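Working notes, beginning with the structure itself.
The values are calculated or read from the model by the stated rules, or taken from the named source; none is laboratory data. This is a predicted model, so every value here is computed, not measured. Backbone-built Cβ (ideal geometry, glycine too); neighbour counts: all protein chains shown.
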Amino acid sequence: MGFTCTTCGQYHNDLPMCFGQPAPALWLQMSEAEREERGELSSDQCVVDDRHYFVLGRILLPVVDGPEPFCWLAWVSLSEKSFRRASDLWHTAGRESEPPYFGWLQSALPYNPSTLSLKTHVHTQPLGARPLIELEMTDHPLSIEQHRGITMARVREIAEAALHA
């Protein structure tokens, strides 16, 4: 399903239903030299200074007038204990029965106020699926959108902003 972009005036063939951050905010703030010296980043996990632990998960926003949810790929910081537990179970069948881990959102998504350090619960999913991130209910716009849902018009707004950032 395509759309005509109000930002550039062009027709885009697809309306993306998922956007995300390539790394946690802390990682993105570091120079390349600091990254090499202080941390490790994979497609799903990141560790900085052997004391900051992050996992990549999905924040799903129900789309009330659409066929599927919108997805933000986002990074969450976990305690060392929770990170080690999640890592130990990474390739274990049945890991989704694990209780959720408390975490802090560490992706700067395009919201005002900032999404950094929103309280979350990270729900482990079956093998092959990224964790689901549930935001604690607050008056933050992202939390409201996750709990109440968004429209396809809002998805288009997000896509226009992300495609032309």
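Selection within region 3-43: residues that are surrounded by 15 or more Cβ atoms within 10 Å (Cβ to Cβ) and of a type outside the set (A, V, I, L, M, F, W, C). The member of this set that is farthest from residue 79 (Cα to Cα) is 12. Residues satisfying the criterion are present in region 68-85 (criterion: outside any strand (DSSP E or B), under 28 Å from residue 3 (Cα atoms) and modelled with pLDDT of 95 or more).
Condition check for residue 42 on (1) under 14 Å from the mean Cα position of the chain (by Cα); (2) without any contact (Cβ under 8 Å) to a residue 12 or more places away in the chain: one failure, at (1). Those strands (runs of 3 or more DSSP E) of region 100-162 in which 1 or more residues are modelled with pLDDT of 95 or more and aromatic (Phe, Trp, Tyr) occupy 101-105. Looking across region 113-148 at every residue that is closer than 21 Å to residue 26 by Cβ and polar (S, T, N, Q), the one that is surrounded by the fewest Cβ atoms within 10 Å (Cβ to Cβ) is identified as 117. Can you tell me how many residues in region 13-53 are farther than 30 Å from residue 3 by Cβ and outside any helix (DSSP H, G or I)? Of the residues in region 13-53, 17 are farther than 30 Å from residue 3 by Cβ and outside any helix (DSSP H, G or I).
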